[in-house]
Amino acid sequence: FGLILHSAQLTPFFSWKISHRRHHANTGSLENDEVYIPRFKSKLRWYYQYLDNPVGRVGVLAFTLLFAWPLYLVFNISGKKYERFTCHYDPNSPLYSERERLQILISDAGVLAATYVLYRVALAKGFTWLVCIYGVPLLIVNGFIVLITLLHHTHASLPHYDSTEWDYLRGALATVDRDYGVLNKVFHNVTDTHVLHHIFSYISHYHAMEATNAIKPLLGEYYQVDDTPILKALWRDTKECIYVEKDESSQGRGVYWYKYSLTIS
C-alpha cells in the first residue's frame, strides 16, 4: 500500500522510508541528521541579508512550500551534505547501502509506472484537466508535507548538537508539537504528537494521543509544544530561526541555538 500510494504522488516509497529512518536515528545532530539541518551564520550566502524583510520572506516561504519537497527528493536540498551528487531516485546515492539498492529500483519503477499512467490520462483528458485535478492537489499535499515537518523542527526553543553533545534522546526531544486545530484530526495527529513520534516512532497514529498524554508528565519541561496559530508561527519562526550559533551559556559545549537575524557581518 505504501509503494502504491506514494508512487501515485511521484514519491519514491522505499527511498524516503530509508532516509526518514536515518533522520529519526540522528535527529538534532548537526553532522548526521538527514534533513532540516540548520545553517551556521558563516555559511549563509551573501544574498540572504536582502531577504530580511516582509517581501523577501513571503518569496522564500512561497518558494519553499511549492518546490522544497521535489527539490529535496531530486537534489537532497536541506539534507545532509555528501561528497557527491545525492538523489532519492538514484540507487547508487550515498543515502543508501548496497543491500538497499534493489528497494530504490522498485521505488523508481513505481514512480515511472505512475508517470506513465499520468501521461495516458493527459492524452485522454487533456493536460489542463490533469493539472487541475492532479497537479494542483499534489502541490497542496507537498506544501503541507513541507509546512508540517518544517515547523516540527524549527523553533527558537529547539537546540541542535554537535558530536560532543548529541545522543538519541536529546535529538528526539529537539522537536515541537504544533496545534493545527481541526486539521490535527485530518492529519491523523501527526501534527500534535510529533515529539512522541521521534521517541517511539513505531506507535501507530491511532494510539498517538493516548501515548502523548502518557509521556507529558514524564518529560515535564523537556516536552515542547507551541499552540501559536500556524500561519503566525510560520511567519515568526522562519523570521527568527535562520541559522544556529552557540550562545553564552553554550560556550565550550556543542550546543547550538537558532538566532534572529539575517544580517551578515
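The values are calculated or read from the model by the stated rules, or taken from the named source; none is laboratory data. From a predicted model like this one, the values you see are computed outputs, not experimental measurements. Note that we place each Cβ from the backbone using ideal geometry, even for glycine, and neighbour counts take in every protein chain shown. Remember, those area values only see protein heavy atoms, side chains included, never the ligands or the DNA or RNA. Shrake-Rupley method; radii C 1.70, N 1.55, O 1.52, S 1.80 Å.
List of remarks:
- Scanning region 192-226 for residues that are within 17 Å of T27 (Cβ to Cβ), part of a loop (DSSP other than H, G, I, E, B) and open to solvent by less than 40 Å² (accessible area, probe 1.4 Å) yields T193, Y223.
- Selection from region 9-51 of residues that are of a type in the set (D, E, K, R), touching a Leu at 6+ places or on another chain (Cβ under 8 Å) and open to solvent by less than 20 Å² (accessible area, probe 1.4 Å): E34
- Taking residues in region 107-119 that are farther than 15 Å from F14 by Cα, and partners anywhere that are of a type in the set (A, V, I, L, M), the pairs with Cβ atoms closer than 8 Å and at least 6 places apart or on different chains are A114/A8; A114/L10; T115/L10; L118/L130.
- Only one entry in S107, S93 is in a helix (DSSP H, G or I), of a type outside the set (F, W, Y) and over 30 Å from E248 (Cα atoms), namely S107.
- Single condition Y134 does not satisfy, out of (1) within 16 Å of S7 (Cα to Cα); (2) open to solvent by 70 Å² or more (accessible area, probe 1.4 Å): (2)
- Filter pass, G143 being among the small types (G, A, S), open to solvent by less than 60 Å² (accessible area, probe 1.4 Å), in contact (Cβ under 8 Å) with a residue 40 or more places away in the chain and farther than 15 Å from F14 by Cα: yes
- Some residue of region 230-242 being open to solvent by less than 40 Å² (accessible area, probe 1.4 Å), touching a residue at least 40 places away in the same chain (Cβ under 8 Å), not hydroxyl-bearing (S, T, Y) and not in a helix (DSSP H, G or I): yes
- Residues located in region 65-81, provided they are part of a helix (DSSP H, G or I) and either surrounded by fewer than 19 Cβ atoms within 10 Å (Cβ to Cβ) or of a type in the set (D, E, K, R) (or both): L66, F67, P70, L71, V74, F75
- R170, sole failed condition from (1) surrounded by fewer than 17 Cβ atoms within 10 Å (Cβ to Cβ); (2) in contact with a Gly (Cβ under 7 Å, 6 or more places away or on another chain); (3) assigned to a helix (DSSP H, G or I): (1)
- Close pairs from region 171-194: first closer than 21 Å to A156 by Cα and modelled with pLDDT of 95 or more, partner among the hydroxyl-bearing types (S, T, Y) and assigned to a strand (DSSP E or B), Cβ under 9 Å, at least 6 apart: G171/S29; G171/Y161; A174/Y161
- Residues considered: R101, R84. Of these, the only one that is open to solvent by 40 Å² or more (accessible area, probe 1.4 Å), of a type outside the set (V, I, T) and part of a helix (DSSP H, G or I) is R101.
- With respect to being open to solvent by 40 Å² or more (accessible area, probe 1.4 Å), modelled with pLDDT of 95 or more and within 21 Å of L66 (Cα to Cα), V111 falls outside the description.
- Residue list for region 152-170, filter: within 14 Å of the chain's Cα centre (by Cα) and free of Cβ contacts under 8 Å to residues at least 60 places away in the same chain: H152
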